[in-house]
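Contents: one structure, followed by commentary.
The values are calculated or read from the model by the stated rules, or taken from the named source; none is laboratory data. On a predicted model such as this, the values are computed, not experimentally measured, just so you know. As a convention, Cβ positions derive from the backbone with ideal geometry for all residues, glycine included, and neighbour counts pool all protein chains shown. Accessible surface is based on the protein model in full, side chains and every heavy atom, while ligands, DNA and RNA are left aside. Shrake-Rupley method; radii C 1.70, N 1.55, O 1.52, S 1.80 Å.
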Protein chains: 2
Amino acid sequence: MEIKLTSTSLFKGLNEDEIDILLSKITFQRKQFLKNTLIVSQGENCDRLMLLIEGSVKGEMMNQAGKSLKIEDMDAPRVLASAFIFGKRTVFPVNITALTDVKFLIIPKPELLRLLRLNDVLLQNFLGMVSSRAQFLSEKLRFHSFKVLRAKVANYLIDESQQQSSFKLKHSQNELAELFGVARPSIGRAFLQLQDDKIIDIRYKQVTIIDKQRLLEACNE
Amino acid sequence: MEIKLTSTSLFKGLNEDEIDILLSKITFQRKQFLKNTLIVSQGENCDRLMLLIEGSVKGEMMNQAGKSLKIEDMDAPRVLASAFIFGKRTVFPVNITALTDVKFLIIPKPELLRLLRLNDVLLQNFLGMVSSRAQFLSEKLRFHSFKVLRAKVANYLIDESQQQSSFKLKHSQNELAELFGVARPSIGRAFLQLQDDKIIDIRYKQVTIIDKQRLLEACNE
DNA sequence: TTTCAAATGTAACAAATGTGACAAGTTTTT
DNA sequence: AAAAACTTGTCACATTTGTTACATTTGAAA
């Protein structure tokens, strides 16, 4: 179902009438893609803002052999590549593929600049989006800085637990393996090791943190 | 020596008179810190723009054990934490310490917003800064995506060669080891392996690319 | 030039992770 | 409820990387 623009990070805080008036002042496109379509290629020029208003997509980084390191799934409502429009090298850093049928609202860069000048709320929203994107990447990078897999997994569990001692994993081991850039059995081994050490109890997706202190320590190994 | 604001990424494209006029319209602080002073603590609220106009600082992230993972040194002119003023988590992610006596120009967030609205060049500069930060992080992430060390090293050599077949390395193996997050002898082994395969010739810092085609292929392993 | 600290080459062994495979469990679909 | 598809547990073995150590070479300082 198509998302109302009022619920997007770019337009939040504005009502539908205000948005309509603003959009009537610029030139933009609505565009649809079928499931599994390649929407944007890594390296393609990033000269427009892409607002995902229906469906979900995945962004993945490919090496020259076509092997992919999955970065993230994205659901509507969501703005793609907001951080790459104004940089020096204005190219998309990832391939973007449709996971479902999707609809986009596409605003060319010059029109986006005009739009940001038209309205203060929009400007603050956009600054917030770009900043949050940089923060997200920074966090990903921090994750890669953990040397051993056990520390990555421990950190992941801390994040996912949300202060609860018992919870269900959102991702399969396959997804985690792709996320961490390791082989799937390695994920299983890391879980098993934390269990053998009596730090967590894990049975399929159900996790219980037994010793949070030592789980925190495991992040620093 | 104090840096002219015209040479900062925020004010570039404006002349001194224009900058003076703009700054006269907002409230801001000039602030100095002595060498080795802790300027900002990790977790502190990031509610102002900090423009380093003289000296150099280091940013370091601490883990829960208080062990520091060095992130980067920063020299004037430089804007600190531009991505954290408008993001969701508005706290500094690192400790910032003065490496020399330093001078800052500090602009509170509301004043920064007013400033960005006052001038289109400033707005584009600021958007460019945050975007470039995201690109930098994205590039770092791409580097981590290479699975085997040989591929990282091959990629590094391609980057460093700048299309020359013979060149000198800018970094020591120790630095490369830190950059790639591996042990130092592993770097040596990767170089040696590329040499054994007659893809490069390397003798200390002097590198000659023998077979560029296969070096490119080595990026995909 | 001589001296010395740092960088590099290299080796042996330990540890972590990858690969491929298959059985067993779980969830979704029919 | 039964079947199919997916997920997880687990194994043996290959490969990569880490660790430690020491000799050699280089480049900078005295």
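Does A:L137 count as within 14 Å of chain B (Cβ to nearest Cβ), open to solvent by less than 20 Å² (accessible area, probe 1.4 Å) and over 18 Å from the mean Cα position of the chain (by Cα)? In short, no.
The condition (being in a strand (DSSP E or B) and either open to solvent by 40 Å² or more (accessible area, probe 1.4 Å) or under 21 Å from A:L122 (Cα atoms) (or both)) is satisfied by just one residue among A:Q42, A:Q32: A:Q32.
The single residue among A:L176, A:L157, A:L194, A:L141 that is of a type in the set (A, V, I, L, M) and within 10 Å of DNA strand D (Cβ to nearest atom) turns out to be A:L176. All conditions in (1) part of a helix (DSSP H, G or I); (2) within 13 Å of chain A (Cβ to nearest Cβ); (3) farther than 18 Å from B:L23 by Cβ; (4) open to solvent by 60 Å² or more (accessible area, probe 1.4 Å) hold for B:A151, with the sole exception of (4). For region B:94-123, filtered to residues that are within 11 Å of chain A (Cβ to nearest Cβ) and open to solvent by less than 30 Å² (accessible area, probe 1.4 Å), the residue that is nearest to B:L49 (Cα to Cα) is B:L112.
The residue list A:V207, A:V182 contains one member that is within 15 Å of DNA strand D (Cβ to nearest atom) and touching a residue at least 40 places away in the same chain (Cβ under 8 Å), which is A:V207.
Taken over region B:148-170, the residue count meeting the criterion of being within 11 Å of DNA strand C (Cβ to nearest atom) and under 17 Å from B:C219 (Cα atoms) is 1. Only residues that are away from DNA strand C (no atom under 13 Å from the Cβ) and in contact (Cβ under 8 Å) with a residue 12 or more places away in the chain were counted across region A:210-221, and they come to 8. Restricted to region A:171-201, and to residues there that are more than 12 Å from DNA strand C (Cβ to nearest atom) and of a type in the set (V, I, T), the residue that is nearest to the chain's Cα centre (by Cα) is A:I200.
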